[in-house]
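Below is one structure, written out as structure tokens; comments come after it.
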Amino acid sequence: MENRMKRVISLLLLTNVLVIVLVSCSMPWNKKESERERFVIQIDQDYWLSSVGKMLQEHFPDIEFDFVISQSGAQYLNDAAVNDDLADIIIDGSSWIQTSYTDDDYDINLVDYLYDFAWTDITNMFYKVYLDGFTNSDGSVNWLPGAASVEGILANKDLFEQYGIEIPSDYKTFVEACNQFREHGIRGFATDYKYDYTDSYMLQAWSIPLLQSSRGRTWRDQAMTGDVDYLPDELGIELFTRLRQVFDDTDTQADDITRGYSRVFDDFVTGKVAMIRQSTNIAEYQQEGMDNLILLPYFGETENDNWYFSTPGYSVAMNGKLKGSGQREETALDIVRYLFSSEVMNSMAERIQSFVVYNKDVNVDVQDIFANVIPYIESNRMYTYIRNDNVCRASYAAVQSLLSKDTDAIEACRIFNDNYKCVRETAHVITTFDKGYQWQVKDTGSEAFSVRVNTLRKICGTQLLIAPAAMNAGDIYEGNYTAAQLQALLMGGGVRFYTKNASGKEIKAVVRCLVEGCGRDDDPISWDTLPASSGFVMKISEDENGNMYLEDILVDGMSIDDEEKYSFCYVDVYGHTLLESAYNYDVSEHGGVHMYKMETDIHEGEEYDGYVAHEKKVSEQWVQYFMDGNKLVPPQEYIIKE
């Protein structure tokens, strides 16, 4: 009996050992999530999720990546730096030109918070002639340039063919084309003069031959290195005289001061404008069915004076606190090395349609639509933008004055120099937040994201609201906020409210598209890239491959009624593209008509039950809400993990 009991015990022990071994063999060797090292990656475009986001997850399976989608530019980074909240690695489209930008009440230099790559082997991956433009006066390197966007004049060839107008080949034929389009009630050329970077681009782009001359190069080199704090009168007057001529020849009006990206986009897509300033990143126009396009150069007096403009489509930086952090620092550098590998570079360059690279041993493909640009690349007629935020600020002040039509070239040059080294006035504080909220997503959602969507729902005035992850632009900090800081809390660009009295079934379709993905670049790839809801809770499950599934929507604790109607709001840039995906709405089958109307296009008394795009942008309503003395709405749980 005793021996038999021993045999039974031995058998049970052996069985347990076998079970443990078998289970262990069936499990992946990746570390448990709780053991995985976490890195926060800041991206300024949600479309990076489908390329760089997924590639990082696959290449570094033992790292847990958190992605925060922010506005590009120095404002957001300054806020994060001051609050000791910079991401570990930053992928940004514009901050590389603004590393010393002082905004609002922050008297900081952002380079003091960023990692210096100069001592690492990573700088050897780049051509020195290009990296010199990203090297600070003390020899430090804080930003590494990604694939370059080639910028020029994007022309709608369909309009040229429709009206029998020749594609321009120099400045004279460019002006002739503008005049011919005017006869048909179409504006020949327009751009978003509202922004400082556009004004700086325009001042330089239309005078590239002058800035490539001996005296032009001398000033450019000194401006890039910070060795000059003024624009010589003779050179400046020539620059502004040329720009005044362009303004006159392209029917630029005083109200173009308010012309932003969304207005330019809409006018170009609807055929109101024939040519616009644009980079090779034309995917959004192609999504609107505009395939017959050509990117023309900035025109000079002869074809030999034609040039394209070149700026990095994105740049990469690291948090300066990683310096001296041992293995974590080495891992971060490995991540940056991978970001500049041929595999990742090609993926990112394809998305932003860039084909000029600054690093060695990497080649990217050129799409057929840009074949006309290749001879300019081969002959090195690619102008590099002056990387100096003082130049950008001074250009904005002078060009805005020139746009008002009451300033001549001499006065514009004086305004430029007055603003070159001016001290910015401290911006007015609009509101104070008594409490801060973190953006990181927990089991029940993100506190900061919930505060954002709850506040937006109050502004919009609907029962239910949902917003994509791109609206969760980092932490909400305790303290004072100016208008610029308030705007940096939301996604940039032409974000609008899209509202409808929608059935529960319709709302499910939209939310499912946001949670499970519908073949878009911004489909969620992790819990922190999920949307946030206000007024309802989402039950969400995840399979072993990381795919998300919407299981249910709860309104007041009960499953949403498929037949009942709710006032519903979706917040996004060009939100109709996701809405149309959710409804399987094919624009081509509806005569090119989208499934929404601008509220200004709905006539009084008209019966319309589709989505309404609000005319006033979300950022404007957001700032006005706080100017009126209103406060943030507290967070609520909006996710239940199944």
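The values are calculated or read from the model by the stated rules, or taken from the named source; none is laboratory data. Everything quoted here is computed from the prediction, not taken from an experiment. Virtual Cβ from ideal backbone geometry, glycine too; neighbours counted across all protein chains shown. To get the accessible areas, we keep the full protein, side chains included, count just its heavy atoms, and leave off ligands, DNA and RNA. Shrake-Rupley method; radii C 1.70, N 1.55, O 1.52, S 1.80 Å.
Side notes on the structure shown:
- Of the helices (runs of 4 or more DSSP H) lying entirely inside region 380-474, those containing at least 2 residues that are open to solvent by less than 10 Å² (accessible area, probe 1.4 Å) and at pLDDT below 90 span 389-403.
- Once region 218-233 is narrowed to residues that are assigned to a helix (DSSP H, G or I) and touching a residue at least 12 places away in the same chain (Cβ under 8 Å), the residue that is surrounded by the fewest Cβ atoms within 10 Å (Cβ to Cβ) is Asp233.
- Residue tally, condition over 17 Å from Lys500 (Cα atoms) and either acidic (Asp, Glu) or open to solvent by less than 30 Å² (accessible area, probe 1.4 Å) (or both), over region 556-577: 1
- Reported count of residues in region 257-284, each being closer than 27 Å to Asp418 by Cβ and either crowded, with 20+ Cβ neighbours inside 10 Å or within 20 Å of the chain's Cα centre (by Cα) (or both), is 3.
- Residue match in region 148-157 (condition: touching a residue at least 12 places away in the same chain (Cβ under 8 Å) and surrounded by fewer than 19 Cβ atoms within 10 Å (Cβ to Cβ)): yes
- Residues in region 475-491 that are open to solvent by 10 Å² or more (accessible area, probe 1.4 Å) and in a helix (DSSP H, G or I) were compared, and the one that is nearest to Asp628 (Cα to Cα) is Ala483.
Every residue, every condition in (1) modelled with pLDDT under 90; (2) over 27 Å from the mean Cα position of the chain (by Cα); (3) among the charged types (D, E, K, R), yes or no:
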site: Ile560; (1), (2), (3): no, yes, no
site: Glu563; (1), (2), (3): no, yes, yes
site: Cys569; (1), (2), (3): no, no, no
site: Tyr574; (1), (2), (3): yes, no, no
site: Tyr583; (1), (2), (3): yes, no, no
site: Asp586; (1), (2), (3): yes, no, yes
site: Glu589; (1), (2), (3): yes, yes, yes
site: His603; (1), (2), (3): yes, yes, no
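- Looking across region 557-600, the residues that are part of a helix (DSSP H, G or I), over 23 Å from Arg457 (Cα atoms) and not hydroxyl-bearing (Ser, Thr, Tyr) come down to Val587, Glu589, His590.
To keep it simple, each residue is scored yes or no on (1) under 27 Å from Leu530 (Cβ atoms); (2) hydroxyl-bearing (Ser, Thr, Tyr); (3) out of contact with any Phe, Trp or Tyr (no Cβ under 8 Å at 6 or more places or on another chain).
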{"site": "Tyr583", "(1), (2), (3)": "yes, yes, yes"}
{"site": "Ser588", "(1), (2), (3)": "no, yes, yes"}
{"site": "Gly591", "(1), (2), (3)": "no, no, yes"}
{"site": "Lys597", "(1), (2), (3)": "no, no, no"}
{"site": "His603", "(1), (2), (3)": "no, no, yes"}
{"site": "Gly610", "(1), (2), (3)": "yes, no, no"}
{"site": "Lys617", "(1), (2), (3)": "yes, no, yes"}
{"site": "Tyr625", "(1), (2), (3)": "yes, yes, yes"}
{"site": "Gly629", "(1), (2), (3)": "no, no, yes"}
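- For region 354-368, filtering for residues that are out of contact with any Asp or Glu (no Cβ under 8 Å at 6 or more places or on another chain) and either open to solvent by less than 60 Å² (accessible area, probe 1.4 Å) or polar (S, T, N, Q) (or both) leaves 9.
- Some residue of region 334-353 being of a type outside the set (Gly, Ala, Ser), closer than 30 Å to Ser207 by Cβ and either surrounded by fewer than 20 Cβ atoms within 10 Å (Cβ to Cβ) or touching a strand residue (DSSP E or B) at 6+ places or on another chain (Cβ under 9 Å) (or both): yes
- Those residues of region 173-201 which are open to solvent by 30 Å² or more (accessible area, probe 1.4 Å), more than 30 Å from Asn417 (Cα to Cα) and assigned to a helix (DSSP H, G or I), in sequence order: Thr173, Glu176, Asn179, Gln180, Arg182, Glu183
- Inside region 601-634, residues that are in a loop (DSSP other than H, G, I, E, B) and either of a type in the set (A, V, I, L, M) or open to solvent by 40 Å² or more (accessible area, probe 1.4 Å) (or both) make up a count of 17.
- Residue identified as at pLDDT below 90, crowded, with 20+ Cβ neighbours inside 10 Å and either assigned to a strand (DSSP E or B) or not charged (D, E, K, R) (or both) among Ile525, Ile553: Ile525
- Candidates Leu114, Leu154, Leu131, filtered to the one that is modelled with pLDDT of 90 or more and within 30 Å of Ile369 (Cα to Cα): Leu154
- From Phe174, Phe189, Phe240, residue being touching a residue at least 12 places away in the same chain (Cβ under 8 Å), touching a helix residue (DSSP H, G or I) at 6+ places or on another chain (Cβ under 7 Å) and closer than 18 Å to Asp305 by Cβ: Phe189
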